[in-house]
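The values are calculated or read from the model by the stated rules, or taken from the named source; none is laboratory data. This is a predicted model, so every value here is computed, not measured. Note: ideal-geometry Cβ built from the backbone for every residue, glycine included; neighbour counts use all protein chains shown. Note: accessible area is taken over every heavy atom of the protein model, side chains too, but ligands, DNA and RNA are not part of it. Shrake-Rupley method; radii C 1.70, N 1.55, O 1.52, S 1.80 Å.
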Amino acid sequence: MNSFPGRRPLRRSLAAFTLLLGCACTPQQALISALVPDGTASLLLSHMEGVADANRQRVAELEKQGDWAGLAKFAEDNIAKDAFSAEWRMVAGYACSRLRDYPRAMAHFSELVRIAPDDATGYHFLAETQRAAGQPERAVTTLERALLVVRESQVTYQLLGEANSDLARYVPAAAAYRRALAIDPNYGDAWFGLGRASLRLARNADAREALRALEQMRSPRAAELRAMMTY
């Protein structure tokens, strides 16, 4: 349950992690953008059902303009009016991450986790911001905390695999990808992660299994994994 009665929990709509924004992103920005399934505004607005229409429209306008500084300020102005708003914390954190102001983004996402501790969304954004800031160890800790709350989350396990891969911890990474696939056998990013980790561990049979799964799914990541196998 949400810690603040009367507030709607954030909707869990982060299942599709493979599409990035159509923009020139640094690898760090791409980590955050990967949390957006079909565009920033659609994700942000889907989590703002309790926010006035005029404010929702302003968020969409600022996002369309790419005015991340303006969006961060708009969100923080609204946080000043309602410090316990999970919606505005998410918007502010996302905008700050696009500004590469990772400490500020992490502060907002940490508050999001505190306000809505039973929702995986905040943990996911916080962990990916930590990875973008070059802090994968902290991301692992954040995602392990998330799994205490949302035990059967394929997305959380997949991100845990990514954070462990950042640290070259391929054994726990492979195990995390396997857990994600046990929940969702058609999770392409988890198959790719498993294949990549398996190659690092010289588990060639597992890598071939991952490639077959990606090919059967007609995933564009199949070509990427195949290239890694023949490099």
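Two decimals is fine: what is log10 I(q)/I(0) at q = 0.17, 0.18 Å⁻¹ for segment 94-231, from a Debye sum with one equal scatterer on every Cα and no solvent? Computed log10 I(q)/I(0) values: -0.89, -0.96. Here the simple spin-label model places points 7 Å from the Cα toward Cβ, and for Ala60 and Thr141 these points are separated by 4.0 nm.
Per residue, the accessible area of segment 103-231 comes to 44 Å² when a 1.4 Å probe rolls over the protein heavy atoms.
Using the Cβ-Cβ distance between Arg200 and Ala83 with R0 set to 41 Å, the FRET efficiency from 1/(1 + (r/R0)^6) comes to roughly 0.40.
Over segment 81-126, the alpha carbon radius of gyration divided by the compact-protein estimate 2.2 N^0.38 Å works out to 1.01. Across the accessible surface of segment 109-188, with the other protein chains kept in place and a 1.4 Å probe, carbon and sulfur atoms take up 50 percent. The trypsin sites (Lys or Arg not before Pro) found in segment 180-230 that occupy coil by DSSP, while having at most 16 further C-beta atoms within 10 Å, are Arg218.
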